[in-house]
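The values are calculated or read from the model by the stated rules, or taken from the named source; none is laboratory data. Computed from a predicted structure; not experimentally measured. Virtual Cβ from ideal backbone geometry, glycine too; neighbours counted across all protein chains shown. With ligands, DNA and RNA removed, areas are computed over all heavy atoms of the protein, side chains included. Shrake-Rupley method; radii C 1.70, N 1.55, O 1.52, S 1.80 Å.
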Amino acid sequence: MSRILIAEDEERIVSFLEKGLRAAGYTTLAVDDGVDALSLARDDSFDLLVLDLGLPGLDGQEVLRRMRARGERMPVIILTARAGVDDTVAGLEGGADDYVAKPFRFEELLARIRVRLRDAGSDEVTVLQSGDLSLDVRTRRALVDDRAVELTAREFALLETLMRHDGQVMSREQLLSHVWGYDFDPGSNVVDVYVRYLRKKLGSDIIVTVRGMGYRLDA
Ligand code: CA
């Protein structure tokens, strides 16, 4: 099981990340300060670091520089509110492997984490299977009964989330947070709209509505 260190000082984002990453099967530890992040970011304790740039104590850029100078080689994914290209380039030159601009969707970060951990030699499942339904999260291909189905990025992310929780009821809030991100209006009906799209493409009985609770995959 991969261990992920999260260095982020915004509580809301930390809880969003921890919930999602634990549900995806990772072990997490979160720190809200750059000094703590630097002292904990050791290859023999963690497999990957999710690093916010704007941290108290020591800023993310400096944490990264010092840990690389010390010889830590774990993949680092930067979270940045600073959407400027200059910061991104500086981050990548400073030894980061990838970056995600805030606000971000959980599935987007998760996809990047998977790529980095796979590069680092982990052997995670890349094809999800459920009944006649098969989803390759690496090539982004969906097959129903060996027939290829074209899905948009959002449709794919929603289906992937349901497949990773196969047989479980997922509430609208859970699906919103997984697929649309933490900044999404909880009153939105976008989940229902996308479930309709998926039913149209995959077959109407593949996603079951559980009254008052949410949705469940039934492939
Ligand atoms: Ca911050």
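Overview of results
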read-out: Region 4-48: proportion of alpha-carbon pairs further apart than 14 angstrom, %; value: 46 percent
read-out: Rounded FRET efficiency, nearest 0.05, which uses the C-beta distance separating ARG140 from ASP218 and R0 of 25 Å; value: 0.60
read-out: Amide H contacts of TYR26 (H built 1.01 Å from N, under 5 Å, at least 5 apart or other chain); value: none
read-out: Set of lysines with alpha-carbon distance to LYS102 below 19 Å, sequence-local pairs under 8 removed; value: LYS19
read-out: Exposed-site-free run, longest, the chain (rule: GluC sites (Glu not before Pro); DSSP loop; at most 14 other C-beta within 10 Å); value: 1-123
read-out: Alpha-carbon centroid distance for the pair region 9-82 / region 132-158, whole angstrom; value: 31 Å
read-out: Whole-percent carbon and sulfur share, accessible surface of region 108-219, 1.4 Å; value: 45 percent
read-out: Helical segments meeting 24 Å axial Cα length and Kyte-Doolittle -1.0 threshold in the chain (DSSP H); value: none
read-out: Alpha-carbon Debye profile of region 3-119, log10 I(q)/I(0) at 0.16, 0.20 Å⁻¹; value: -0.65, -1.08
read-out: Orientation-averaged projected area, Cα convex hull of the chain (nm²); value: 12.3 nm²
read-out: Heavy-atom accessible area per residue - the chain, 1.4 Å, Å²; value: 49 Å²
read-out: Per-residue HN-Hα couplings for region 49-59 [Karplus 6.51, -1.76, 1.60; θ = phi - 60°; Hz; x = Gly/Pro]; value: 10, 9, 10, 6, 6, x, 10, x, x, 8, 6
read-out: Gain on full stretching of the segment that runs from GLN168 to SER15 - 0.36 nm per residue minus C-alpha separation; value: 52.9 nm
read-out: Pair ARG199, ASP132: separation of 7 Å Cα→Cβ label points (nm); value: 1.8 nm
